[in-house]
Amino acid sequence: MRASSRFPPPLLPPFFLLLCVPGLVKGGEVGAVTCGSVLKLLNTRHNVRLHSHEVKYGSGSGQQSVTGVEASDDANSYWRIRGKIDGACPRGAPVKCGQAVRLTHVNTGKNLHTHHFPSPLSNNQEVSAFGDDGEGDDLDVWTVQCSGSYWDRNDAVRFKHIGTDAFLSITGEQYGHPIRGQREVHGMHSPNQHNYWKAMEGVFIKPSWDSTKHDEL
C-alpha cells in the first residue's frame, strides 16, 4: 500500500547524513587512517575510549578534562585527525608512522594537550583539551608511533607527545562525582601496555591513493 502523501519522509540522523558525503568510508573498512578523518580511539589495555567534555579539572591547569569512558556510543568521544599545522596533513592523505598530528575534540573544538602539571589521581602528567576552534599551541602536537609505513586501522599505535616525550596512557584510576566511573587519562614517560590505542568507530576520509571512482559505504 502506498504511503499517504500527508506525511513527510522521515528525517535521517545527522551522523547518517555525514556517512553519505562523497569521499567518506565507514570505520569497518580496513586500511590506513587518513588526515581529516573523525574517529574514536580505544585504549586496548583498559577497553575505554578517549573522551572529553565541558568539565574542567579542579586542580592542575584547570583546563578541560580528558578521560576514558566504557560506552562505545558516546558522542563526546570523537576526535578529528589534523596536521601539526594547517596544510601539513592534506585531507585523505594516509597518516605515516612517525608523523606529527593534532587530535581535535569534535564537540568542543579543543586539542588533545599535555604539559608539566600532575594528573589529579595518579600524579602522572596531566592530559587536557586546550585551545579554541582547533587552535591551541605547540603542546597540542603528538607523533603517531606504529610499525610499517602508515597508521593502519587494524593496528594498535602509541601517541608520543613532542613537547614532553610523554605517551598518552591510561592505568585504570577512576573519577568520582561529577564524572563517576570515567578513567584518568595521563602522560607516562615509558612505553608499555597502558599506552596502546586502536582506531574504532568513525568516519574515515578515503585515502588519496585510492584511484577507484566510486565511494564505499
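The values are calculated or read from the model by the stated rules, or taken from the named source; none is laboratory data. Computed from a prediction, not measured in an experiment: that's the story for all the values here. Counting neighbours? That spans all protein chains shown, and the Cβs are built from the backbone with ideal geometry, glycine included. Side chains are part of the model used for accessible areas, which takes the heavy atoms of the whole protein and leaves out ligands, DNA and RNA. Shrake-Rupley method; radii C 1.70, N 1.55, O 1.52, S 1.80 Å.
Sort Met188, Met200 by heavy-atom solvent-accessible area, probe 1.4 angstrom, most to least.
Details: Met188 30, Met200 55 Å².
The ranking, largest first, comes out as Met200, Met188.
How much accessible surface does Cys89 have with a 1.4 Å probe, in Å² rounded to 10?
The value for Cys89 is about 20 Å².
Taking only the alpha-carbon positions of the stretch 117-217 and ignoring solvent, what does the Debye formula give for the base-10 log of I(q)/I(0) at q = 0.11, 0.14 Å⁻¹?
Those come out to -0.46, -0.70, one per q.
Taking a cut-off of 19 Å between Cα atoms, list the lysines near Lys206, but don't count ones fewer than 8 places away on the same chain.
Straight-line reach from Lys206, under 19 Å: Lys26, Lys40, Lys96, Lys198.
Order Thr104, Thr171, most accessible first, counting only protein heavy atoms with a 1.4 angstrom probe.
Greatest to least solvent exposure: Thr171, Thr104.
What does the charge count near Asn43 come to, summing +1 for each Lys or Arg and -1 for each Asp or Glu among other residues with Cβ under 9 Å from its Cβ?
That sum, taken over residues with Cβ under 9 Å, equals +4.
Rounded to the nearest 10 Å², what accessible area does Ile162 show when all protein chains are kept and the probe is 1.4 Å?
Accessible area of Ile162: about 80 Å².
Ordering His51, His116 from largest to smallest accessible area (1.4 angstrom probe), what's the sequence? Mind dumping the intermediate values first?
Values: His51 5, His116 145 Å².
Heavy-atom accessible area, descending, gives His116, His51.
Averaged per residue, what accessible surface does the stretch 107-156 expose to a 1.4 Å probe, in Å²?
Value returned for the stretch 107-156: 46 Å² of accessible area per residue.
When the dipole is taken about the Cα centre of the stretch 97-147, and only Lys, Arg (+1) and Asp, Glu (-1) are charged at their Cβ, what size is it in debye, to the nearest 20?
240 debye
Just the accessible area for Ser147, please: 1.4 Å probe, Å², rounded to the nearest 10?
Surface open to solvent at Ser147 totals about 90 Å².
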